[in-house]
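Here's the structure, in structure tokens; my notes come after.
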Amino acid sequence: MTVHHQYRRAAALALSAMLGLAACTAGPPAPAPTPTASPTASSAPGPVTVQVEHLGLPIEITVQPVQVAGDAALVTIGFTMPADAPEGTSLPLSLLLHDPASMFNLGQVRLLDLAASTVSDPAQDARSRSVSTHELLTLTPGASVTAEVVYAAPTSPEIAVLFPYLGLVAGVPVEEVATLPTTPEDLGAEGAVTYPSAGIDVFTVAYDDSSTARVEGDAATVTLASDVLFATDEFVLTPEAAAVVDAAGEQIATSGLAGEVTVVGHTDDVGTDAYNQDLSVRRAQSVADRLAPVLGDGFTVVVDGRGESEPVASGSSPEERAVNRRVEIRFTTADAGAAVDVPAVAPVPEPDAPVSSGGEPVSVELDAAGYDVTATSVVRAEGYLVGSLEVERTSPGTGQVVGLFGSFAEGRDLERGLGSLTTTAGAYSASLLGAGGRLYPGDYVVEEGVDGQADRRAVIADRFLDQQVAQGESLHVTVLWPDLGGDSVDIDVPGRFRITDVPVTEP
């Protein structure tokens, strides 16, 4: 196992960008950029204005400085369609940006504090409705609309706002105010208001599907598949498994913070509770016995067994039970947020789908429809990479871009805890190719699991691409990845497409 790159969550730096688009400060708007335009820095605090397109329609977005009072933050956003937009066109913004709780809101617009490595969904009231403008926001040529959203207060002097289909607007300044000019009650909130916010986590899957790694702040968990480590109902490591444990130990010794390392065994739900509990402890002990000499002085290995009580997949299919049979190695990273490349003996897989390179589009056929996918930019931002992809329909007809980034989670990817809508039509599987495994888009906990159940998570990418796209029209897709380091990346969606040697640019 190797660490491809480690990065520090440092004090906030100036970050002002529209990834794959252009950004400017208050004043006359800049002309619309080419898809590969580099982001530019703000010259002074103030609103951030960007030019974007959706299905060929031009839109100007202006995000005002975020106002913070106590634990709450107010984000005010203006949308304008230029007067010279195609006559007779109409864009219902509320249908692009809403959450499932109601039709007219901005519930899918998220606030990213990349310097602090946190993401916030809109605040929610007692009816689980987003605390935002609840109106039918429709753009027509020459028209402007304004919307407001309340979030948990960020801690950094600048933040980014992630819009479905419209990209990431970064470099938005944060300012302290005595009171918010618009309160949750003004936006129709009823009862107690909660302010969801969570850390940005990193998830990696080995190319041979034998192991995963998850990094949550400074807490790292390397998960080894029991089916790789042990024969059925056995607890003695196979020779191949010993090599995998050795590789994990060498990496932990290099990148982990000296102290306690916990090895936890888990089983599936076949057999009695007592049998599975005993087997989980024995398997964890076998891994710990192999691991301790590799770690050496400074590390203390602790063994635990959870039997079948903490499944990561809730079903009982053979695949889901295989995912639940596992041994976890938990440790503290020396550098918070380290992107851990999992131990694996398998090389980078050969492409199983169409391939392009750099800024060239890759042509994809899906359900009798054709698409060109182009990586318009990958920009380094506060220890992350923000990717912008353009998806253009090239075939006749109109339809939804569903399944282009995968149709369902499988294998160790089931551990991620993403919802079925995301794994059907989201950009959840747009991964970067590392040395030992795939680095998936960042994710975060939206609902903690209870009674041993897995957490429910959301991916930091477009989560549900359900827009109807006609021939010649294109959608913008945004993805946030951990930073691998280096000057280029390879983007891969298994069974769909691969784009190699995409240059990484600085903000």
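The values are calculated or read from the model by the stated rules, or taken from the named source; none is laboratory data. Please read all numbers here as calculations on a predicted model, not as lab measurements. A quick note on method: Cβ atoms are made from the backbone with ideal geometry, for glycine too, and the neighbour counts reach across all protein chains shown.
Look at segment 80-106 and say how many of its residues are surrounded by fewer than 22 Cβ atoms within 10 Å (Cβ to Cβ) and part of a loop (DSSP other than H, G, I, E, B).
Qualifying residue count, segment 80-106: 15.
Hand me the list of strands (runs of 3 or more DSSP E) wholly inside segment 149-246 holding 1 or more residues that are at pLDDT 90 or above.
158-163, 167-176, 197-199, 201-206, 219-225
If you check 80, 49, 62, 89, which single one turns out to be at pLDDT 95 or above, more than 27 Å from the chain's Cα centre (by Cα) and among the β-branched types (Val, Ile, Thr)?
80
For every residue, the table says whether it meets (1) of a type in the set (Ser, Thr, Tyr); (2) in contact with a Pro (Cβ under 8 Å, 6 or more places away or on another chain); (3) surrounded by 22 or more Cβ atoms within 10 Å (Cβ to Cβ); (4) at pLDDT below 90.
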position	(1), (2), (3), (4)
308	no, no, yes, no
340	no, no, yes, yes
355	no, no, no, no
358	no, yes, no, no
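Mind checking which pairs have a first residue in segment 131-147 that is assigned by TED's automatic domain parsing to the domain that holds residue 73 and modelled with pLDDT of 95 or more and a second that is among the polar types (S, T, N, Q) and in a strand (DSSP E or B), Cβ under 6 Å, 6 or more apart or different chains?
144/80
When the residues of segment 458-482 are narrowed to those that are surrounded by fewer than 23 Cβ atoms within 10 Å (Cβ to Cβ) and charged (D, E, K, R), which ends up nearest to residue 95 (Cα to Cα)?
Restricting to residues being surrounded by fewer than 23 Cβ atoms within 10 Å (Cβ to Cβ) and charged (D, E, K, R), the top hit is 466.
Picking from 185, 176, which residue would you name as being of a type in the set (Asp, Glu) and in contact (Cβ under 8 Å) with a residue 40 or more places away in the chain?
None of the others qualify; the one that does is 176.
For segment 97-113, how many residues are in contact with a His (Cβ under 9 Å, 6 or more places away or on another chain) and of a type in the set (Gly, Ala, Ser)?
Adding up the residues that qualify gives 2.
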